[in-house]
Number of protein chains: 2
Amino acid sequence: MRKSIRKYKPEAVPDAKLDRILEATRGAPSGKNGQPWRFIVVRNKTLKEKLVPACRNQSYVAEAPVVIVGCAVEEESYQKQGGYMKSWPLDLAIAFTHLILAATAEGLATCWIGAFDESEVKKALDIPDKFRVVGLTPLGYPAENPPHKNRKQISEIVSYDKAPAK
Amino acid sequence: MRKSIRKYKPEAVPDAKLDRILEATRGAPSGKNGQPWRFIVVRNKTLKEKLVPACRNQSYVAEAPVVIVGCAVEEESYQKQGGYMKSWPLDLAIAFTHLILAATAEGLATCWIGAFDESEVKKALDIPDKFRVVGLTPLGYPAENPPHKNRKQISEIVSYDKAPAK
């Protein structure tokens, strides 16, 4: 089962594994099949180090051999998801989840990073204005094995044939 | 590999399968582990039929033995994802992706529905204002086997150590 990993071994990620992970990501569904996603695979050490301050100084970001940055193109997304929003945050989250689960299946570790500053990430990687940065994850072999985090009980999150109680 | 399925057999979904699917959903990661999700499992025929007009008259919604409605509680989510958004759309998309992939592993079919009207879904199921409706999916045994949809090529969506070209 997937876990968020914050310590990585320096060993490189084999290209064949990375390719299979990206292929699983590419196959994700999206609103009206818009596929408004772009993925930046960062392996350059200098660039990885520039991402650390953009990710609230989470230094393990630069320890992993690879960092993947998930970007969206707003206008390629379905414009009326649920009648009230553009679908790009959902689309990117679906694809990133495929990426993370495929990485797990390859024996690799990830950590979805939401605590970052979009403008700083854009500056670090020279990403043009038209792209939104939705999430980042290190990718590599785990160097820790933390316990699973607590989750809400099924009774707190599932209701049958009626609205949630709270 | 997962596909969007729009024809369903009337056969019920075994409880053991549904429970495993919900368990995989419960284990999804979320911003700051907020788990701002609620899932309504709809099996009542009258309620399923009320969802059809709320989903732009996609009648297959009511054909499946189960419909799952994914809802979010905004204030339980991480408030500064990327420094610019609340994480609930991402969190729900992550959990719904776990749900859909777990259903696939159980030999069941789904179809993430984004073309719905949130206020009509809320009316159909009497869902209080505090919840947002993020997505729905039918769940059941597939009665069709459509070809996979086209996807963008890897070269169109992946760049190495630099921003996307377009």
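Rule-based calculations on the coordinates, nothing more; no lab input. All figures in this text were calculated on a predicted structure; none of them were measured in a lab. Counting neighbours? That spans all protein chains shown, and the Cβs are built from the backbone with ideal geometry, glycine included.
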(message) Need one number: % antiparallel among DSSP beta bridges in the protein assembly as shown, to the nearest 5.
(response) 85 percent
(request) Distance from a point 7 Å along Cα→Cβ of A:Lys7 to each backbone N in region A:53-68: keep the residues under 19 Å and list them by number. (result) A:58-66
(message) Using 5 Å bins from zero, what percent of all Cα-Cα pairs in region A:70-166 falls into each bin?
(response) 2, 10, 14, 15, 18, 17, 13, 8, 3, 0
(message) For a Förster distance of 22 Å, can you work out the FRET efficiency between the beta-carbons of B:Lys123 and B:Asn57, rounded to the nearest 0.05?
(response) 0.90
(request) For an R0 of 45 angstrom, estimate the FRET efficiency from the Cβ-Cβ distance between A:Tyr141 and A:Gln79 and round to the nearest 0.05. (result) 0.65
(message) For B:Lys152, project a label point 7 Å along Cα to C-beta. Then give me every residue of region A:120-136 with its amide nitrogen under 14 Å of that point.
(response) A:128, A:130-134
(request) Return the average number of partner chain Cβ atoms within 10 angstrom of each residue Cβ along peptide A:109-117. (result) 4
(message) 7 Å along Cα→Cβ for the label point: how many nanometres lie between A:Ala16 and each equivalent label in the other copies, listed shortest first?
(response) 3.6
(message) List the trypsin sites (Lys or Arg not before Pro) within region B:68-149 that DSSP assigns to loop and that have no more than 14 neighbouring Cβ atoms inside 10 Å.
(response) B:Lys130, B:Lys149
(request) Enumerate the lysines that A:Lys162 could reach by cross-link, defined here as Cα to Cα under 20 Å, with residues fewer than 8 away along the same chain left out. (result) A:Lys152, B:Lys45, B:Lys48, B:Lys50, B:Lys122, B:Lys123, B:Lys130
(message) With the label 7 angstrom out along Cα to Cβ, how close does B:Glu49 come to the same site in each of the other copies, in nm, nearest first?
(response) 6.8
(message) How charged is the neighbourhood of A:Pro146? Take every other residue with its Cβ under 10 Å from the Cβ of A:Pro146, and add Lys/Arg as +1 and Asp/Glu as -1.
(response) +3
(request) Net charge near B:Glu120: determine it from the other residues with C-beta under 10 Å of the C-beta of B:Glu120, scoring Lys and Arg +1 and Asp and Glu -1. (result) +2
(message) If you average the alpha carbon positions of region B:79-138 and of region A:120-166, how far apart do those two centres end up, in angstrom?
(response) 14 Å
(request) Report, please, the projected area of the protein assembly as shown averaged over directions, based on the convex hull of its C-alpha atoms, in nm². (result) 15.2 nm²
(request) Just tell me how shielded B:123-131 is by partners: mean number of partner chain Cβ atoms within 10 Å of each residue's Cβ, no decimals. (result) 2
(request) Enter the mean number of other protein chain beta carbons within 10 Å of the beta carbon of each residue in B:22-31, as an integer. (result) 5
(request) Mind checking region A:1-93 for chymotrypsin sites (Phe, Trp or Tyr not before Pro) that DSSP puts in a loop (not H, G, I, E or B) and that have at most 14 other Cβ atoms within 10 Å? (result) A:Tyr84
(request) Within region B:1-93, report the GluC sites (Glu not before Pro) that DSSP leaves as loop and that have at most 16 other Cβ atoms within 10 Å. (result) B:Glu11
(message) Within 9 Å, Cβ to Cβ, of B:Asn33, how many net charges do the neighbouring residues add up to if Lys/Arg are +1 and Asp/Glu are -1?
(response) +3
(message) Is there a quick way to get the dipole size of chain B? I mean about its Cα centre, with the Cβ of Lys and Arg at +1 and of Asp and Glu at -1; what is the value in debye to the nearest 20?
(response) 400 debye
(request) For chain A, compute Rh as the Kirkwood radius over C-alpha pairs and then the Stokes-Einstein diffusion coefficient at 37 °C and 0.692 mPa s; write the answer in µm²/s, rounded to an integer. (result) 193 µm²/s
(message) Springs between alpha-carbon pairs under 10 angstrom, Gaussian network model over chain A: which of A:Arg56, A:Arg151, A:Arg43 fluctuates most?
(response) A:Arg151
(request) For every helix of n ≥ 4 consecutive DSSP H residues, a contribution of -39,500 (n - 2.57) applies; sum these over the protein assembly as shown, divide by its total residues, and give [θ] at 222 nm rounded to the nearest 500 deg cm²/dmol. (result) -9500 deg cm²/dmol
